[in-house]
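Below: one structure, written as C-alpha cells.
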Amino acid sequence: MSETTFETARLADQARRAFEGAAWHGDSVLELLADVDAATAAGHPIRDAHSIWELVLHIAAWDGAVLRRTGGTAVSLTDEQNFPPVNDISEAAWRQAVAYAAETHEKMIKAISAFPDSRLQEQVHGKIEPYYNFFYMFAGIVQHELYHAGQIALLKKAAKK
C-alpha cells in the first residue's frame, strides 16, 4: 500500500467489511442475505417498509452512484433509480439481484482503493454542499451499507414471525 492511498485503502476496507464480512458490528449485508430466499426477499413483513429485495437494489444503486462519482461523473438518482422496482420475484431473479449488488460493490471497492488520498478533500462533482468531499462520500457509503444491513436483519426477524 503506497502512502498516496493509505486512507482510501482503509475506507475501502471498511466498506468491504460492511458489505462482505468481518465487520466489527456483526453480520454484513452478504452474511445477512446468505439464507434469504426470493419469497422472503420480496415480502413486506413490516407495513410501509421496503422489502429486503428493494433494499439490496437500493444499496447497489448507491454503490453504483459512488463508483460513477469517483470517476468524475455528477450523479443524482431518480426515485425509480433510488429504489428500483422488483418485477420478477423468481428465485433466479433474486440470485441475480444479489450477484449484481456484489459485482457493483466490488467495482466500487476497487475504485475507492485506487483513489489517491491527496484528492479526499476535493468536492465531489455535482455536489454543492461545501462538506461533500470524497472523504465524506466514502465514509458515508460505509454508514449507508450498515444502516441497511440493520434494516435487513430486522426484516428477516419480522418475516419469521
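With respect to the chain, whose longest principal axis is taken over its alpha-carbon atoms, helix 91-114 is tilted by about 10°.
The ranking of Trp53, Trp24 by Cβ neighbour count inside 10 Å, starting from the fewest, reads Trp24, Trp53. Using the Cβ-Cβ distance between Asp13 and His125 with R0 set to 25 Å, the FRET efficiency from 1/(1 + (r/R0)^6) comes to roughly 0.50.
Legend: calculated FRET efficiency, Gln81 to Asn133, from the Cβ-Cβ distance at R0 = 25 Å, rounded to 0.05, equals 0.60. Once the Cα atoms are used to define both axes, helix 52-70 deviates from the longest principal axis of the chain by about 10 degrees.
Estimated from helices alone, the mean residue ellipticity of the chain at 222 nm is -20000 deg cm²/dmol (sum of -39500 (n - 2.57) over DSSP H runs with n ≥ 4, per residue). Against the chain, whose longest principal axis is taken from its Cα atoms, helix 6-20 shows a tilt of about 0°. Seen from all directions on average, the stretch 95-161 presents a Cα convex hull projection of 6.0 nm².
Normalised by residue count, the chain yields a Cα convex hull volume of 113 Å³ per residue. Peptides 16-22, 96-102, 45-51, ordered by how many other C-beta atoms sit within 10 Å of their residues on average, highest first, read 16-22, 96-102, 45-51.
No lab work stands behind these numbers, since they all come straight from the coordinates. No experiment lies behind these values; they were computed from the predicted model shown. Methodologically, a virtual Cβ is constructed for each residue, glycine included, from the backbone with ideal geometry; neighbour enumeration extends over all protein chains shown.
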